[in-house]
Amino acid sequence: MSVKPRGNGWEAYVTYKGKKFRRTLSTKEDATVLEAMWQREIAQGNMPTAMEVNRETGKASGWTLRYAFDRCHENYWANTKNERQVMFIQSIVCKYWGEKSPINRISTTTVFDWIRWMRENQGYAPSTVNRHISCLKKCLDNAVDEGALTTVPKFKRQSEKGRERIEYFSKDEENAILSEFERLGEDYLRDYAIVAVDTGMRAGEVLKIDGDNLIKLQQTRADGSQMYGAYIPDRKNGEPLLMPITKRVEEVLRKRKTFNDPLYKHRLAWDRVRDGLGLTNKCWHTWRHTTATRLTEKGWDTANIMRYMGHKNIATTLKYAKWDTSTMVGGSNLLED
């Protein structure tokens, strides 16, 4: 077993049960890694895996992209708060590159082509592009850590400064969306949207609501009816929240109890409604922007809106902290109209 120069590269060479395994790679480091991978398989009594060598990069790997994602998921993403979102992003990334594609085929050039495709062909916002980049880079970094790859290609993150989404749904657009959900029998999405726009909750936070455990508050609504709150054990920042709810959200929660299906399972239906209404420049997260916009239009204090939305800092608003539920009641009452 040895690694030695061969032509313009380096050759990894092992023998097992009288069979020879040779591969020439561009660097001594890659050849050494490949030989180590073969040695490990031989030590386990297995035939060395047939490795694909990328002729452009000289890198070898026996991992497919799907397997690389599965390994990374097990090591980093399993049982985390972002697991579902990461799984959804993984599926999109795999669809572009191909689940069975060897990870050594991913080069800096093909990464830049992919980024351009996301921006120009898919119309993804910079923040969305960056989430996809982070997911793939983490996957390849893990492959390097586990010895399945020697280096990762370069990734160019997109600038998000001045490119934030400013869209929101008008009342007419909201009514059109809800009506279309009803027409298509998508009652789950209709209820999901009502809760989203009347609370400003993120899609994942809505899944944590328990309609059987609404909490009676001391305050009443503007119309004199009893006010109730929905308890969220933790928001994106990890803090718990008691969110006062509007009358129509209360009706939805008492009827539905819980939202069990993550949004990605209803992606096709949502895309169909959105595209049919000509709202392709908006996404589900636009409901959250709509909440903040309506509170602003109704003259609510900016600091209260920042806290109501649960933002962490001034850049994405204000750092979320524990605060008096009675202050939030004003925001819930404003959203009743």
Notebook entry, point to check: Whole-Hz Karplus ³J(HN,Hα) for region 67-73, in order, using 6.51 cos²θ - 1.76 cosθ + 1.60 and θ = phi - 60°, x for Gly and Pro?
Noted result: 5, 4, 5, 4, 5, 5, 4
Check: How big is the convex hull of the Cα atoms of the chain, per residue, in Å³?
Finding: 164 Å³
Check: What distance in nm separates the simple spin-label points at residue 108 and residue 95, each placed 7 Å from Cα in the Cβ direction?
Finding: 3.0 nm
Check: For helix 286-297, what angle does its Cα long axis make with the longest principal axis of the chain, in degrees from 0 to 90 and rounded to 10?
Finding: 40 degrees
Check: Taking the Cα atoms only, what angle lies between the long axis of helix 325-334 and the longest principal axis of the chain, rounded to 10 degrees?
Finding: 80 degrees
Next item on the list: Could you run the Karplus curve 6.51 cos²θ - 1.76 cosθ + 1.60 with θ = phi - 60° over region 128-139 and give me ³J(HN,Hα) per residue in whole Hz, x for Gly and Pro?
Entry: 5, 4, 5, 5, 5, 4, 4, 5, 5, 4, 4, 4
Next item on the list: Just round it to a whole percent: the fraction of Cα-Cα distances in region 182-304 exceeding 20 Å.
Entry: 47 percent
Checklist line | Carbon/sulfur fraction of accessible area - region 117-192, other protein chains in place, 1.4 Å, % | finding: 43 percent
Check: At a probe size of 1.4 Å, how large is the accessible area of residue 307, to the nearest 10 Å²?
Finding: 80 Å²
Note to self: Nearest 10 degrees is fine. How inclined is helix 267-276 to the longest principal axis of the chain, computing both from alpha carbons?
What the structure shows: 60 degrees
Next item on the list: State the extension gain, in nm to one decimal, for the chain segment bounded by residue 272 and residue 301, taking 0.36 nm per residue of separation less the distance between their alpha-carbons.
Entry: 6.8 nm
Checklist line | Estimated vicinal HN-Hα couplings, Hz - region 197-213 in sequence order (Karplus 6.51, -1.76, 1.60; Gly, Pro = x) | finding: 6, 8, 10, x, 6, 5, 4, x, 6, 4, 5, 8, 6, 10, x, 7, 10
Next item on the list: Report the charge-dipole magnitude of the chain in Debye, nearest 20, computed about the Cα centre from +1 at each Lys and Arg Cβ and -1 at each Asp and Glu Cβ.
Entry: 1280 debye
Notebook entry, point to check: Taking residue 208 as the anchor, which aspartates and glutamates have their alpha carbon closer than 19 Å to its alpha carbon, excluding any fewer than eight residues away along the same chain?
Noted result: 83, 187, 191, 198, 234, 239, 250, 251, 261
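The values are calculated or read from the model by the stated rules, or taken from the named source; none is laboratory data. Predicted model, so just to flag it, every value in this text is computed and none were measured. Neighbour counts run over all protein chains shown; Cβ positions are idealised from the backbone, glycine included. In case anyone asks, the SASA skips ligands and DNA or RNA and just uses the protein heavy atoms, side chains included. Shrake-Rupley method; radii C 1.70, N 1.55, O 1.52, S 1.80 Å.
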